[in-house]
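**Student:** Here it is, the structure, as structure tokens.
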Amino acid sequence: MAIKQQKTFCRICEAQCGLVVQTEHDRVLDIQPNIEHISSEGYACIKGLKMGDFVHSPDRLTQPLKKVDGKFEPITWSQALAEIGHRLKLIHAEHGGQSIAAYMGNPIGFNLWPSTVMTFFLKAFDADKLFTPGTQDCANKFAGGERLFGSANDQVFPDIEHTQCLIAVGSNPLISKMSFISLPKPMEKLAAIEQRGGKVYWLNPRFTESAKRFGEHVAIRPDTDVFFMLGFLHEVIVRGAVKQQQVGDFMEGYATLKEVSKPWTPERVAEVTQVSVDQLRAIVDCYLAADGAAIYSSTGVNQSRHGLLVYWLQEAINAITGNLDKRGGVLAGRGVFPKFNSPSVLRRSRIDNIPYVNSTIPAGIMADEILTPGKGKVRAMFNMSGNPLLSCGGSERLAEAFSALDLFVCIDIVRNETAEYADYILPGLHSLERADVPFYFFTMMGLMPNRSFDYTDQVILPPAQARDEGLIFRQLCRSAGRPLSGSKTFQWLSNAAELLAKIPVIGKLTGLDKIFLGGMIRSANLGSIQAMRKFPNGRKLSPNKPGDYLGQRVNTPSGKVELAPADLVARAKSLEQVYAQEIKHKSALKLIQKRERFTHNSWAHNVKAFIAGDRHTNYLYIHSDDAISRGLADGKIAKVSRAEKSIMLPVKIDDDMKLGSVAVPHGWGHQDAAGLTVAQQTQGVNVNIIIPDGPESIEPLSGMSHMNGVIVDVSAV
Ligand SMILES: Nc1nc2c(c(=O)[nH]1)N[C@H]1C(S)=C(S)[C@@H](COP(=O)(O)OP(=O)(O)OC[C@H]3O[C@@H](n4cnc5c(=O)[nH]c(N)nc54)[C@H](O)[C@@H]3O)O[C@H]1N2
Ligand SMILES: Nc1nc2c(c(=O)[nH]1)N[C@H]1C(S)=C(S)[C@@H](COP(=O)(O)OP(=O)(O)OC[C@H]3O[C@@H](n4cnc5c(=O)[nH]c(N)nc54)[C@H](O)[C@@H]3O)O[C@H]1N2
Ligand code: SF4
Ligand SMILES: [Mo]
């Protein structure tokens, strides 16, 4: 077979870079950035270019595994499907749909087909407990979108290519490439703001890699951004900078918002944010003077205790200053696929009555849902493309919970730490092995300045027995006797497509994944898959633009932006108490997260090139003054504890950390992962052992886990 070249796009993070993949005999030989790709313009990072190392890992799962007497043994697909289906049927008959749950991890969220079928699978059992990492990274934005703009999928993004002032809160694009916006080459585009005379502020407890390149770093005390936003709002209002006409025409609740901001003078908030009054005023000056300004935040605040309130206040400021729907301000994206507004059914968890956000239940109560007896106790769990044991707070309780399940099935490309607790492990596909369209943030929410659309065919065939996750769920439904999505017609179509898929030539045309993707493409008026293949470098669509949102597309019942949602206003009252606690714990150390160039949550450590040299472990990053006062020095082992839990890891002195804050990267602690031969050799610890879980630890209205700004003790060992 000759060497082949195929264009595709990376589905590891939101940049979705265009790639050119060279293969021979279904093996990746080389991956290069696609310089002709219309949105990424030849940009790609090391992770996309090294994808071959993930897909051809010697640890790749190639057949179903079953745990027998504590050890995994290979079994056939027919045995796996029959046994899992049978057990599922019994659990469902005895305990109902509320006893069945799923966790859909981050990587496969970028793949439209399998993630959609997983929801059809749950519906087949009247099961609605879908956990995702959304409550570790962005559910506050979904909850905010519902309240301010009318639905979780109504979101705005900063118009970076035109803004004159960007206030980036809790984000580090040089390393992470941003979230809730598809912006390949983010650093170039952000640098251009300053090159055209504008200004970038980085609000962050760490003087980050991004802040070192350009802009002004504003060192804020972790988990106090809500007070910064209140002080900012207060200042905007007292300066009379509110665009009253626009507020009157397009917004509701301004008077209440004003009341909320009243007590929070810049002087008061400075006490807890540790951002000086002068500094706050200078930022407000810049924001108000700019012709087009935007406040944007990311996981640094999403994972705090008040991510939803920060989001609310930030977007309220953007709106009342006339920056919403304005060139250089924040724009409301237009999706590529038509909007479907599913009827909003308010669902709440049995644990503490916490509302679901964007149809998902908080991962912070996963252990409680499994361990708490009573009706609705989770007994069967399906984990697809996730590693919750390392990625969710309260790892030790989660381990206990996973051990208590009657049935635990993991579907992955490798046997990760979570899978060690499974009864069955099923081999899924790598993204290079499936056809796809871009992430739903762009296709549904339109979070991209220059709208475009891509289609990719599969680039290589999967290893012998690895199977499309969509197919696995369809087959499990059949085996358990529950029709897909509760529809007999759906299941009949699924079965027929499966039979036809076995016939050469015809099979190629009747794959249900392709029919689904083709249907989605048609729904966007982009023709067919065949038509999309003519655009291997992506297809340009009309760009998102200002001036087409307010008064036209706002999805709230009033048709106006809601500036003062009642439940958020009520919650803001509790901030007085939080403020008092902040003052009390002024000198406590707060733990924050830190992403690194060569890691991707928990799953990049199994690639040799990514863990070379001093990258074989994670570290405790701490300011030298905080270290000295605790008897710590570079390379020494520190003990980091919270409540009864603790971890130990080497120290890296880092004066880029704000005094009073320490950072530990997550996704480490692979020593017991028998299925990850490279990662198993690394050192490093799982920081989520000390991150809290349970109902008390999550933001009640958004379900967000509190992972940033957690108070810890640090000592020398
Ligand atoms: N290399 C790499 N890239 C990634 C990932 C990865 O693991 N590695 N993960 C991907 C995923 S899943 C996501 S969701 C995105 C996330 O993308 P980003 O949200 O940009 O993530 P981070 O780089 O962690 O940036 C968060 C920043 O918030 C700061 N911070 C921490 N606490 C606070 C606080 O209380 N207040 C303020 N203002 N700032 C705070 C941290 O110092 C950090 O610089 O990145 C994606 N890209
Ligand atoms: N303390 C702390 N914890 C955090 C964070 C933090 O900042 N601090 N960040 C959080 C964030 S932003 C996120 S998104 C979560 C991520 O949390 P998770 O999604 O739970 O974890 P990942 O590490 O992304 O694990 C992904 C798994 O998917 C598998 N995989 C990759 N591609 C495929 C595929 O195509 N098919 C299948 N079946 N499997 C595949 C990988 O092999 C890996 O085992 O972690 C969160 N956890
Ligand atoms: S920036 Fe993100 S999408 Fe682009 S190559 Fe790297 S991991 Fe892939
Ligand atoms: Mo994430």
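**Student:** Please count how many residues of the range 14-51 are assigned to a helix (DSSP H, G or I), without any contact (Cβ under 8 Å) to a residue 40 or more places away in the chain and surrounded by 20 or more Cβ atoms within 10 Å (Cβ to Cβ).
**Tutor:** The qualifying residues number 1.
**Student:** Scanning the range 601-651 for residues that are in a helix (DSSP H, G or I) and free of Cβ contacts under 8 Å to residues at least 60 places away in the same chain, which turns out surrounded by the fewest Cβ atoms within 10 Å (Cβ to Cβ)?
**Tutor:** 613
**Student:** Hey, another quick one. Could you tell me whether residue 434 is within 25 Å of residue 519 (Cα to Cα) and either at pLDDT 95 or above or of a type in the set (Val, Ile, Thr) (or both)? Before you say what the answer is, go through the steps one by one.
**Tutor:** Details: within 25 Å of residue 519 (Cα to Cα): yes; either at pLDDT 95 or above or of a type in the set (Val, Ile, Thr) (or both): yes.
Answer is yes for this residue.
This table checks each residue for (1) touching a strand residue (DSSP E or B) at 6+ places or on another chain (Cβ under 9 Å); (2) within 13 Å of ligand 2 (Cβ to nearest atom); (3) over 16 Å from residue 411 (Cα atoms); (4) of a type in the set (Asp, Glu).
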{"residue": "78", "(1), (2), (3), (4)": "no, no, no, no"}
{"residue": "99", "(1), (2), (3), (4)": "yes, no, yes, no"}
{"residue": "106", "(1), (2), (3), (4)": "no, yes, no, no"}
{"residue": "139", "(1), (2), (3), (4)": "yes, yes, yes, no"}
{"residue": "143", "(1), (2), (3), (4)": "yes, no, yes, no"}
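**Student:** I'd like to verify a number: residues in the range 1-13 that are among the β-branched types (Val, Ile, Thr) and not in a loop (DSSP other than H, G, I, E, B), how many? Explain how you work it out, then say what you get.
**Tutor:** Initially, the range 1-13 is screened for residues among the β-branched types (Val, Ile, Thr), giving 3, 8, 12.
Retained after the next criterion (residues that are not in a loop (DSSP other than H, G, I, E, B)): 8.
The qualifying residues number 1.
**Student:** Give me the residue from the range 576-587 that is of a type outside the set (Asp, Glu) and surrounded by 15 or more Cβ atoms within 10 Å (Cβ to Cβ) and, out of that set, nearest to ligand 1 (Cβ to nearest atom). Please lay out each step first, then the result.
**Tutor:** The first filter runs over the range 576-587 and keeps only residues of a type outside the set (Asp, Glu), leaving 577-581, 583-587.
Still in the list and also surrounded by 15 or more Cβ atoms within 10 Å (Cβ to Cβ): 578-579.
Details: 578: 13, 579: 15 Å.
Among residues in the range 576-587 that are of a type outside the set (Asp, Glu) and surrounded by 15 or more Cβ atoms within 10 Å (Cβ to Cβ), the one nearest to ligand 1 (Cβ to nearest atom) is 578.
**Student:** Taking the range 445-471 on its own, how many of its residues are modelled with pLDDT of 90 or more, away from ligand 3 (no atom under 16 Å from the Cβ) and assigned to a loop (DSSP other than H, G, I, E, B)?
**Tutor:** Result for the range 445-471: 14.
**Student:** Quick one: in the range 120-157, which of the residues that are within 16 Å of ligand 4 (Cβ to nearest atom) and of a type in the set (Ser, Thr, Tyr) is surrounded by the fewest Cβ atoms within 10 Å (Cβ to Cβ)?
**Tutor:** It comes out as 132.
**Student:** Looking at the range 100-119 only, could you name the residues that are more than 16 Å from ligand 4 (Cβ to nearest atom), part of a helix (DSSP H, G or I), at pLDDT 95 or above and among the aliphatic types (A, V, I, L, M)?
**Tutor:** Within the range 100-119, 117, 118 qualify.
**Student:** Which condition from (1) touching an Asp or Glu at 6+ places or on another chain (Cβ under 9 Å); (2) in contact (Cβ under 8 Å) with a residue 60 or more places away in the chain; (3) within 13 Å of ligand 2 (Cβ to nearest atom) is the one that residue 407 breaks?
**Tutor:** It is condition (3) that residue 407 fails.
**Student:** Still on this model: Residues to consider are 572, 612; find the one that is modelled with pLDDT of 95 or more and not hydroxyl-bearing (Ser, Thr, Tyr).
**Tutor:** Answer to the selection: 572.
**Student:** Another question about this same structure. Can you spot a residue in the range 65-88 that is under 25 Å from residue 130 (Cβ atoms), assigned to a strand (DSSP E or B) and within 16 Å of ligand 4 (Cβ to nearest atom)?
**Tutor:** No, because not a single residue in the range 65-88 is under 25 Å from residue 130 (Cβ atoms), assigned to a strand (DSSP E or B) and within 16 Å of ligand 4 (Cβ to nearest atom).
**Student:** Whether any residue in the range 344-358 is touching a helix residue (DSSP H, G or I) at 6+ places or on another chain (Cβ under 7 Å), surrounded by fewer than 17 Cβ atoms within 10 Å (Cβ to Cβ) and part of a helix (DSSP H, G or I) is what I want to check.
**Tutor:** Checked the range 344-358: no residue is touching a helix residue (DSSP H, G or I) at 6+ places or on another chain (Cβ under 7 Å), surrounded by fewer than 17 Cβ atoms within 10 Å (Cβ to Cβ) and part of a helix (DSSP H, G or I).
**Student:** Something else: Which of the residues that make up the range 517-550 are outside any loop (DSSP other than H, G, I, E, B) and touching a residue at least 24 places away in the same chain (Cβ under 8 Å)?
**Tutor:** Result: 517, 520, 521, 523, 529, 532, 539, 540.
**Student:** Just one of the numbered conditions (1) surrounded by fewer than 22 Cβ atoms within 10 Å (Cβ to Cβ); (2) at pLDDT 95 or above; (3) outside any strand (DSSP E or B) is not true of residue 590; which one?
**Tutor:** (3)
Table: residues versus (1) basic (Lys, Arg); (2) under 19 Å from residue 442 (Cα atoms).
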{"site": "99", "(1), (2)": "no, no"}
{"site": "114", "(1), (2)": "no, yes"}
{"site": "129", "(1), (2)": "yes, no"}
{"site": "132", "(1), (2)": "no, yes"}
{"site": "135", "(1), (2)": "no, no"}
{"site": "158", "(1), (2)": "no, yes"}
{"site": "185", "(1), (2)": "yes, yes"}
{"site": "188", "(1), (2)": "no, no"}
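**Student:** Residues that are among the basic types (Lys, Arg) and surrounded by fewer than 17 Cβ atoms within 10 Å (Cβ to Cβ): find the helices (runs of 4 or more DSSP H) completely inside the range 181-298 holding 2 or more of those. Explain how you work it out, then say what you get.
**Tutor:** Details: elements: 186-195, 209-213, 225-238, 244-250, 254-261, 266-273, 277-289.
The helices (runs of 4 or more DSSP H) meeting that bar are 209-213.
**Student:** Still on this structure, I have one more. Checking the condition without any contact (Cβ under 8 Å) to a residue 60 or more places away in the chain, of a type outside the set (S, T, N, Q) and farther than 30 Å from residue 193 by Cα, which residue from 288, 346 passes?
**Tutor:** Matching residue, one of 288, 346: 346.
**Student:** Does the range 478-521 hold any residues that are β-branched (Val, Ile, Thr) and buried (at least 19 other Cβ atoms within 10 Å of the Cβ), and which are they? Break it down into steps so the answer makes sense when it comes.
**Tutor:** First, the residues of the range 478-521 that are β-branched (Val, Ile, Thr): 489, 503, 505-506, 510, 515, 521.
If the condition is that a residue be β-branched (Val, Ile, Thr) and buried (at least 19 other Cβ atoms within 10 Å of the Cβ), then 521 is the only one that fits.
**Student:** A further question on this structure: Please go through the range 393-451 and pick out each residue that is over 22 Å from the mean Cα position of the chain (by Cα) and hydroxyl-bearing (Ser, Thr, Tyr).
**Tutor:** 403, 421, 424
**Student:** Does residue 322 satisfy the criteria of being in a loop (DSSP other than H, G, I, E, B) and more than 16 Å from ligand 1 (Cβ to nearest atom)?
**Tutor:** Yes: the conditions hold for residue 322.
**Student:** Scan the range 178-189 for residues that are in contact with a helix residue (DSSP H, G or I) (Cβ under 7 Å, 6 or more places away or on another chain) and either over 24 Å from residue 363 (Cα atoms) or more than 14 Å from ligand 4 (Cβ to nearest atom) (or both) and report the count. Break it down stepwise before answering.
**Tutor:** Keep residues of the range 178-189 that are in contact with a helix residue (DSSP H, G or I) (Cβ under 7 Å, 6 or more places away or on another chain), which gives 178-180, 182-183, 186-187.
Okay, now just the ones that are also either over 24 Å from residue 363 (Cα atoms) or more than 14 Å from ligand 4 (Cβ to nearest atom) (or both), so 182-183, 186-187.
Counting residues in the range 178-189 that are in contact with a helix residue (DSSP H, G or I) (Cβ under 7 Å, 6 or more places away or on another chain) and either over 24 Å from residue 363 (Cα atoms) or more than 14 Å from ligand 4 (Cβ to nearest atom) (or both) gives 4.
**Student:** Any residue in the range 446-469 that is of a type in the set (Phe, Trp, Tyr) sitting within a Cβ distance under 6 Å of a residue that is not in a loop (DSSP other than H, G, I, E, B)? List the pairs, counting only those 6 or more apart or interchain.
**Tutor:** So the pair list comes out as 453/539; 455/532.
The values are calculated or read from the model by the stated rules, or taken from the named source; none is laboratory data. Since the model is a prediction, treat every value here as computed from it, not as a measurement. Positions of Cβ are backbone-derived with ideal geometry, glycine not excepted, and every protein chain shown enters the neighbour counts.
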